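The values are calculated or read from the model by the stated rules, or taken from the named source; none is laboratory data. Source: prediction; values computed, not measured. Positions of Cβ are generated from backbone atoms using ideal geometry, with glycine treated the same way; all protein chains shown enter the neighbour counts. Accessible surface areas use protein heavy atoms only, side chains included; no ligands, DNA or RNA. Shrake-Rupley method; radii C 1.70, N 1.55, O 1.52, S 1.80 Å.
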Amino acid sequence: MSTPITKFAALSFEITTGNDNVTDEAHILPVGPFRATDGRPVDAEAWQLDAGIAARVISRLSAIKNDLMIDYEHQSLRSKDNGKPVIAAGWFHDLEWRDSLGLYATGIGWTGKAKAHILAKEIRYISAVFTYYEHTGEVVEIISITLTNTPALDGLDSLDDQELAALSKRFSLPTTNPEIDMQDQTQLAALTVERDGLTNKVAALTIERDSLSTQVAALTTERDTLKIRVDAFDAEKVQAALTADKARHTELLTAALTDGRLPPALKDWAEKRSLADLTEYLQGVNPLAMLTKQTTDGRTTQTAALTSVELDVIAKTGISQEDFLAQKSAK
């Protein structure tokens, strides 16, 4: 996009004095939007100057190393045409934005002659020449500041194209070209439409993001609730399994003590065994609390029950009850 068309304008403020001294600052532009009493600008609704625009104007001046001269009657703009010398009334380099007031030149170093003229009220006004963008009226840059008794810059608006082009080149400003300006306006309008479209998309995406955030929060809450329920269910399953194992352990222990597979002396030992260990042990032992013996004549006689001591020996040695009885009978 090409640079917007830049135009020249000048405004004046009366110089304030006090205590037989000249202030080292000067009010050069008011807060925008503002217009001149003679009806300017004619190519924009008003000149525009706010804190943001002023910051850019101040930055442009700060980028220049040399001080900016304050001359008399805009002679720095006219010297090439009238051949007269340019006499400095003062120098400055700093601009300052003041809310509700506007733009000020500060730290002005007046010459002795300029101070005398001002105190004697031989010169009453200070005028700033500035550039601005056509159509928008936005202030671009302070070109010069002058001491004057003529609030308006004579002949400024009547400069012909060649003179204005020369002045624009002198201050590194773009030349006025209606064709380029129209292109700028068309591109600006297109970019404005694109910006508005992107703004609407961002707004829609923001709404969608907020909606998704709400859904994520709800799903997170649901997940946490389900996790609590699953953890509780798992704890119940573990507790149920432990209860079942304990009941089965008691059942096996009682049955083994009853049918003689486990002597009373091993009850404490068996109670400390896990269900798996107790089950494995009892699978290798037969219920022989009361054993029978086959006689040679084919009749069966009942033998005495094994004593608790004998059962304890069987349990500790791992010998089966049949083998134990056989060895006992052989003796």
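Observations on the model:
- For segment 98-140, the set of residues classified as without any contact (Cβ under 8 Å) to a residue 12 or more places away in the chain and either buried (at least 21 other Cβ atoms within 10 Å of the Cβ) or within 45 Å of the chain's Cα centre (by Cα) (or both) consists of ARG98 only.
- Filtered residues of segment 260-272 (kept if more than 18 Å from ILE319 (Cβ to Cβ) and touching a residue at least 24 places away in the same chain (Cβ under 8 Å)): PRO264
- Qualifying positions in segment 16-39 - modelled with pLDDT under 80 and either open to solvent by less than 80 Å² (accessible area, probe 1.4 Å) or farther than 30 Å from LYS113 by Cα (or both): THR17, GLY18, ALA36, THR37, ASP38, GLY39
- Flag for LYS227 being modelled with pLDDT of 90 or more and part of a helix (DSSP H, G or I): yes
- When SER2, SER12 are screened for being under 38 Å from the mean Cα position of the chain (by Cα) and at pLDDT below 85, only SER2 passes.
- Criterion applied to ALA217, ALA235, ALA204, ALA247 was being under 30 Å from VAL285 (Cβ atoms) and part of a helix (DSSP H, G or I), and the one residue passing it is ALA247.
- Residue list for segment 141-153, filter: among the aliphatic types (A, V, I, L, M) and crowded, with 20+ Cβ neighbours inside 10 Å: ILE142, ILE143, ILE145, LEU147, LEU153
- Note on segment 44-97: among residues that are of a type in the set (Ser, Thr, Tyr) and assigned to a helix (DSSP H, G or I), the one that is least open to solvent (accessible area, probe 1.4 Å) is SER76.
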